[in-house]
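First the structure, in the form of structure tokens, and then the observations on it.
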Amino acid sequence: MKLYYSETVNPRKACAVARHLNSPVEFVRVDLAQGEHRTPEFLAINPNGRLPVLQDGELVLWEANAIMCYLSDRAGAELWPHDASQVEVMRWLSWDMQHFSRPAGTLYFENLIRPAIGMGEPDAAAVAAATATFRHSAAILDAHLRTRRFLLGDKLTVADFAMASTLPYAGDARIPLAEFPAIAGWHARLQELPAWRAPFPDRQ
């Protein structure tokens, strides 16, 4: 298997799951700065020109959440469960995409990526709107996590890897994580996982 990645938010969660499961993947770094995601060769793999992508024989799979679920299945793991809790995982994956990672991702882009790629200062209006939306959603998540170790109680799932994907960048991205102690504590538990702390292969 080949896992195409870059050191950015969405590939991070797929790489973390691959490492956590000791999946037999070959990590293939795609250099975004050099435009390697826009080459004909890469677009033949993923016409969206985005990362991550998993290639397993004839199967080519886009989208980090789908890749995490596939890797769990292939490993015979329960990060993507096959009982009634699967519906709960799906609920949190959907909620995350719409309500949590979206505003956090805006803060990540505005405060980290925009200056790094020479687009100038962060858009103040976008930052203000994203921060307000994040705080609203984070309050809901914080209340949920006050009595749970992970999103589904004591059970670690792909939903945890997905939901937390922006939090390693919280300081530089100015995501107000410190305002939500239950979320901060949950992320600290994820930080105990070696694969979460260091999801990307060492570059030689």
Residue with peak Gaussian network fluctuation, the chain [Cα springs, cutoff 10 Å], from Ala125, Ala139, Ala14:
Ala125
Rounded to the nearest 0.05, FRET efficiency between Asp123 and Leu59 (Cβ-Cβ, R0 35 Å) equals 0.35
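Give a quick list of chymotrypsin sites (Phe, Trp or Tyr not before Pro) in segment 63-128 that DSSP marks as loop, anything other than H, G, I, E or B, with at most 11 other Cβ atoms within 10 Å.
Passing both the DSSP loop test and the Cβ count: no residue.
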Multiplying the sequence separation of Arg102 and Arg149 by 0.36 nm and subtracting their Cα-Cα distance, what value in nm do you get?
14.6 nm
Sequence-separation-based contact order of the chain, relative, with Cα cut under 8 Å and 6+ spacing, percent:
24 percent
May I ask for the distance between the Cα centers of segment 1-28 and segment 91-165, given as a whole number of Å?
21 Å
Take each complete run of DSSP H in the chain, measure how far its Cα atoms stretch along the helix's own axis, and keep only those covering 18 Å or more with mean Kyte-Doolittle hydropathy at least -0.5; list them.
124-145
Can you give the extra length, in nm with one decimal, that the chain gains between Ala116 and Glu78 once fully stretched, where that is 0.36 nm per residue apart less the Cα-Cα distance?
9.9 nm
First check a/c for the chain, with a ≥ b ≥ c the square roots of the eigenvalues of its C-alpha gyration tensor; if it is under 1.5, answer rounded, and if not, answer prolate when a/b is larger than b/c or oblate otherwise.
oblate
Provide the FRET efficiency to the nearest 0.05 for the Ala188-Arg38 pair, computing r from the beta carbons and using R0 = 25 Å.
0.10
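Only helical DSSP H runs with n ≥ 4 go in: add -39500 (n - 2.57) per run for the chain, normalise by residue count and round the 222 nm mean residue ellipticity to 500 deg cm²/dmol.
Working: 10 runs with 96 residues, N = 204.
Calculated from helices alone, the mean residue ellipticity at 222 nm is -13500 deg cm²/dmol.
Give, as a single signed number, the net charge of other residues whose beta carbon lies under 14 Å from the beta carbon of Met1, with Lys and Arg counted +1 and Asp and Glu -1. Before the final figure, lay out each step's value.
On the way: positive: Lys2, Arg19, Arg74; negative: Glu26, Asp56, Glu58, Asp73.
That sum, taken over residues with Cβ under 14 Å, equals -1.
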Are there any GluC sites (Glu not before Pro) in segment 95-204 that are in a DSSP loop and have at most 15 other Cβ atoms within 10 Å? List them by number.
Glu192
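Here, each number is a calculation from the coordinates, and none is a lab measurement. Model, not experiment: these values are computed from the prediction. Neighbour counts run over all protein chains shown; Cβ positions are idealised from the backbone, glycine included.
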